[in-house]
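Heads up: the structure comes next, in structure tokens.
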Amino acid sequence: MRALADAMREPATTATLDAEGWTSLFAAARAEQMIGSLAFRLEAQPMPAAAARILADARASAEQWRRSALWEAEMARRALAQLDLPVVLMKGTAYAAAGMDAGAGRSIGDLDIMVPREALKAAETALIAAGWEWVKPDPYDDAYYRDHMHELPPLIHRERDRMIDVHHTTLPLTARITPDAAAMLADSVVLEDGLRIMAPEDMVLHGVAHLFADGDLAGGLRNLWDQDRLLRELGVVAGFWDRLRARARLHGLEWHLALALRLTRHLYATPVDPALAGRAGLFDRWFVRRLLARDGWGRQTRKFTQLAFYIRSHWLRMPPAMLARHLWTKWRKAT
Amino acid sequence: MRYRFDVRIGPVGFRVGSAWRQPIAALRDLYAGYPEPDGGIADFTVRLEPERPWRRYLRPSVAIHGDFTLPDAAPLPLAQGLLAAEMGMNLQMALGQRRYLLLHASVVERDGWALLMTGHSGAGKSTLAALLGERGWRFMGDEFALLDPGTGLLHAFPRLVSLKNAAIDAMTAEIAADRFGPLLMGTPKGAIRHLRPNAAALSAMDAPARPALILFPRYGFAAAARPVGASEAFVRLTQASTNYVAMGEPAFDALSVLVRDVPGRAIDYPDTEGAVALVERLWTEALA
């Protein structure tokens, strides 16, 4: 479904939509968790009254997400305050807290924060004392998270019913790439209330790592839209692209960054540094196919492409022998 | 999708797609005379589709998907495809509606004023609303009451009435056979039969009404009525809402105004005839 990416890139493309086109656009946008971002993007666009009503609801809904996400961040801040450690907000909550363009209408689910690895235990204890509880009671899953993942097993607050993911780095420990988490923490920027967000370049690179070095690209269109908004807002600051290049090298994410720049330029016409984006790779088209694999009923299409990316995501996440062991354990539990 | 049906119910437009013909045929039949979505643009999409490709033909089972989906919702057999479609539309409302505060309640209207009835499943709010709808009241809905936070008005959402178990016989005795859907046996909620709202409910579908009385009915007890204070009504209505938390402040304000301005009564009733008499008496008192 190209219409969604087109509408995000250039709102005027919606002028040609008929009633079915609008209904399909909304179904696809909801499936990609982009209805709120779409609503803000098309705010000034003329459209049928029925479409305008649906998008007005989406904007109101996004405002409520933003408000509750910021409240959840505040709850975490209070719970962790006495530990005196840097607490870095990640992804949607960070964009909202910093008032960035990427936050406009963005859906925000769980609260993602990052703390220094050596402070994980203390953070966990403090959060549990403040009312968060484990979601996964399964001992294998729990041990797996603790030994191999970049975050604690998810915690949920017993009164507010909201999840928190406490990260100590940005990619699983078993992944082939190891971004420099200490540098990300050290260079993070403090906000008024004491919470932190990543430095601009790290914000982009965390998004890039999340997109291509982890996961199977589900929600990729939305995550790439984050990149577009971040790059447009941050890219105009003097020296940004040079710092981004250096930072990508530090984290080992040069290839991933280049791919992200090419894709966001292709789909959203993002202005990027051409030298950094490099020449189109053999697989760029596959990524585009995967990102647009959604029809006007909100259904996933291109099952084979999807499966290929699913396999790829596990391949990236762990070495082959470990992957085999993991899948075997999971399979035995499922049967 | 191969088969589809578009419909507007009150202020909400739906697009229902299906891999099978049968559920769409049943919808077309029972929703005959309902309008199209406003401007042809549906608020919500529902998909009835097989969980795995071969389940379209082999022991066909209907998974309920759409803009909003519950990950662990059990699929239904194809014979209950109509129920799946209805559940699909309910699900979109419950999870996705943000324009109106949704109250799990039935609503009827008379002289421009609305009576809101809410209670647990089996309390009889659905049967009571359907019955009143045949006895001089306008039926506005038996599943969701749509409260507009901007105006305090209730909007009609006159979906098919979903009659369950004993209520089916009670209503078939009262209403012409051509307004009923097929009898669905062995659903997760027992026997279900859908009833099409009458012509008066359809023609006045776009007229909202101001709430005048909130009832909390309970079936199976000796007839009794007691006042329900604003704070109790508030708490019970938040529990009866699927989107109260998601809507945030506007929902709090709308509900605060509702329970401040509109009297609440808890009623017990032994049978439907007794209930109708009790409702009429309380209504007269409330409007006096």
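The values are calculated or read from the model by the stated rules, or taken from the named source; none is laboratory data. The structure presented is a predicted model; accordingly, all values stated were derived computationally and were not measured. All Cβ positions, glycine included, derive from the backbone under ideal geometry; neighbour counts span all protein chains shown. Areas reflect the complete protein model, heavy atoms only, side chains present, ligands, DNA and RNA absent. Shrake-Rupley method; radii C 1.70, N 1.55, O 1.52, S 1.80 Å.
So that you can scan it fast, the table gives a plain yes or no per residue for (1) β-branched (Val, Ile, Thr); (2) touching a Ser or Thr at 6+ places or on another chain (Cβ under 6 Å); (3) in a loop (DSSP other than H, G, I, E, B):
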| position | (1), (2), (3) |
| --- | --- |
| B:Met171 | no, no, no |
| B:Pro182 | no, no, no |
| B:Arg193 | no, no, no |
| B:Ala200 | no, no, no |
| B:Met205 | no, no, yes |
| B:Pro211 | no, no, no |
| B:Ile214 | yes, no, no |
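Find all pairs meeting these conditions: Cβ atoms under 8 angstrom apart; at least six residues apart or on different chains; first residue within region A:1-25 and farther than 16 Å from B:Gly40 by Cα; second residue acidic (Asp, Glu).
Taking only residues 6 or more apart or on different chains, the pairs are A:Met1/A:Asp295; A:Leu4/A:Glu32; A:Met8/A:Asp228; A:Thr13/A:Asp6.
May I ask you to list the residues in region A:124-146 that are over 21 Å from A:Arg196 (Cα atoms), free of Cβ contacts under 8 Å to residues at least 12 places away in the same chain and either under 23 Å from the mean Cα position of the chain (by Cα) or not in a loop (DSSP other than H, G, I, E, B) (or both)?
A:Pro139, A:Asp142, A:Ala143, A:Tyr145, A:Arg146 - these are the residues of region A:124-146 that are over 21 Å from A:Arg196 (Cα atoms), free of Cβ contacts under 8 Å to residues at least 12 places away in the same chain and either under 23 Å from the mean Cα position of the chain (by Cα) or not in a loop (DSSP other than H, G, I, E, B) (or both).
So B:Ala74 passes all but one of these: (1) under 22 Å from A:Ala27 (Cβ atoms); (2) assigned to a loop (DSSP other than H, G, I, E, B); (3) of a type in the set (A, V, I, L, M). Which condition number does it fail?
Evaluating B:Ala74 over (1) under 22 Å from A:Ala27 (Cβ atoms); (2) assigned to a loop (DSSP other than H, G, I, E, B); (3) of a type in the set (A, V, I, L, M) leaves (1) as the failure.
Name the single residue, out of those in region A:56-86 being basic (Lys, Arg) and open to solvent by 60 Å² or more (accessible area, probe 1.4 Å), that is nearest to A:Ala102 (Cα to Cα).
A:Arg66
Looking at (1) open to solvent by 60 Å² or more (accessible area, probe 1.4 Å); (2) touching a His at 6+ places or on another chain (Cβ under 7 Å); (3) not β-branched (Val, Ile, Thr), which is the one condition that is false for B:Leu95?
Tallying (1) open to solvent by 60 Å² or more (accessible area, probe 1.4 Å); (2) touching a His at 6+ places or on another chain (Cβ under 7 Å); (3) not β-branched (Val, Ile, Thr), B:Leu95 fails exactly one: (2).
Kindly provide the set of residues from region B:130-154 that are under 15 Å from B:Ala251 (Cβ atoms) and crowded, with 23+ Cβ neighbours inside 10 Å, ordered by number.
Across region B:130-154, the qualifying residues are B:Phe144, B:Ala145, B:Leu146, B:Leu147, B:Leu154.
Quick check, is A:Leu230 touching a His at 6+ places or on another chain (Cβ under 8 Å), in contact (Cβ under 8 Å) with a residue 40 or more places away in the chain and in a helix (DSSP H, G or I)?
no
When you check B:Gly40 against the structure, is it at the interface with another protein chain (Cβ under 10 Å from one of its Cβ atoms), open to solvent by 20 Å² or more (accessible area, probe 1.4 Å) and under 22 Å from A:Pro48 (Cα atoms), yes or no?
Judged against the criteria, B:Gly40 is a match.
For region A:41-58, how many residues are closer than 18 Å to B:Val12 by Cβ and either outside any loop (DSSP other than H, G, I, E, B) or more than 10 Å from every other protein chain (Cβ to nearest Cβ) (or both)?
Selection size over region A:41-58: 10.
Before we move on, is B:His104 surrounded by fewer than 20 Cβ atoms within 10 Å (Cβ to Cβ), away from chain A (no Cβ under 14 Å) and either in contact with a His (Cβ under 6 Å, 6 or more places away or on another chain) or in a strand (DSSP E or B) (or both)?
When the stated conditions are applied, B:His104 passes them.
Hey, can you tell me all the residues within region B:83-94 that are more than 12 Å from the chain's Cα centre (by Cα) and either farther than 19 Å from A:Leu55 by Cα or not assigned by TED's automatic domain parsing to the domain that holds B:Asp67 (or both)?
B:Leu83, B:Ala84, B:Ala85, B:Gly88
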